[in-house]
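The values are calculated or read from the model by the stated rules, or taken from the named source; none is laboratory data. In this text the structure is predicted, and so the values were computed from the model without any measurement. Neighbour counts are summed over all protein chains in view; Cβ atoms, including those assigned to glycine, are modelled from backbone coordinates with ideal geometry.
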């Protein structure tokens with residue numbers, strides 16, 4: 001892939017770059033706490049400030065327009081980060097987040113039938129296979145995308161229009177793959193140093 005696309009200019013931007021693809025992760029200047037998600041444009045402005053800084057001059061006067069990833073989002077980005085070198089696992093994890101979002105927040109007529117048992121069995125099996133978990137009182141699993149990139153209502157609309165379990169699973173897979181592609185194209189994650197341990 002590197003023979004086709006030249007990433008060299010992006011790799012030279014500071015020493016906080018962790019990974020470029022499939023999702024871009026950068027080390028934030030904080031030790032612990034939550035990751036943040038910002039657009040590539042906001043990230044470019046922040047990285048420009050980092051490059052202008054020096055050890056004797058504090059670096060950041062700009063706080064980028066961002067979303068703090070807490071609650072369920074924290075665990076979603078934590079697991080995406082842990083799988084950062086394996087796109088297939090990242091997509092499976094994000095699909096699992098979509099399944100859990102559907103189970104907790106999306107009104108699906110399919111889940112008002114006895115198919116709900118099969119649906120929860122799929123969630124349990126995938127969590128076990130990936131060895132992942134979300135802790136605490138979690139309400140949201142899919143990451144918050146800006147409205148100019150993705151209509152969050154579209155996910156719920158497609159989920160609610162599914163008339164059987166196969167359609168529901170297909171809709172979740174399509175939507176989560178689309179969201180993952182949008183994250184890859186338009187967003188950068190800044191993670192605390194604790195994520196690297």
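Numbers below:
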{"item": "Failed item in (1) under 28 Å from residue 24 (Cα atoms); (2) modelled with pLDDT of 95 or more, with residue 193 passing the rest", "result": "(2)"}
{"item": "Flag if residue 100 is out of contact with any strand residue (DSSP E or B) (no Cβ under 9 Å at 6 or more places or on another chain), in the same structural domain as residue 176 (by TED's automatic domain parsing) and over 24 Å from residue 26 (Cα atoms)", "result": "yes"}
{"item": "Filtered residues of segment 144-157 (kept if over 22 Å from residue 65 (Cβ atoms) and surrounded by 18 or more Cβ atoms within 10 Å (Cβ to Cβ))", "result": "155"}
{"item": "Number of the exception - residue 121 against (1) surrounded by fewer than 16 Cβ atoms within 10 Å (Cβ to Cβ); (2) touching a helix residue (DSSP H, G or I) at 6+ places or on another chain (Cβ under 7 Å); (3) closer than 24 Å to residue 166 by Cα", "result": "(2)"}
{"item": "Count of segment 83-109 residues which are outside any helix (DSSP H, G or I) and either at pLDDT 95 or above or surrounded by fewer than 16 Cβ atoms within 10 Å (Cβ to Cβ) (or both)", "result": "5"}
{"item": "Yes/no for residue 14 being modelled with pLDDT of 60 or more, surrounded by 14 or more Cβ atoms within 10 Å (Cβ to Cβ) and assigned to a loop (DSSP other than H, G, I, E, B)", "result": "no"}
{"item": "Given (1) modelled with pLDDT under 90; (2) under 21 Å from the mean Cα position of the chain (by Cα); (3) not assigned by TED's automatic domain parsing to the domain that holds residue 123, index of the condition residue 35 fails", "result": "(1)"}
{"item": "Residue identified as within 19 Å of the chain's Cα centre (by Cα) and assigned by TED's automatic domain parsing to the domain that holds residue 87 among 151, 114, 170", "result": "151"}
{"item": "Breaking point among (1) surrounded by 14 or more Cβ atoms within 10 Å (Cβ to Cβ); (2) modelled with pLDDT of 90 or more; (3) farther than 18 Å from residue 194 by Cβ, for residue 64", "result": "(2)"}
{"item": "Given (1) crowded, with 18+ Cβ neighbours inside 10 Å; (2) at pLDDT 90 or above; (3) not in a helix (DSSP H, G or I), number of the condition residue 79 does not satisfy", "result": "(3)"}
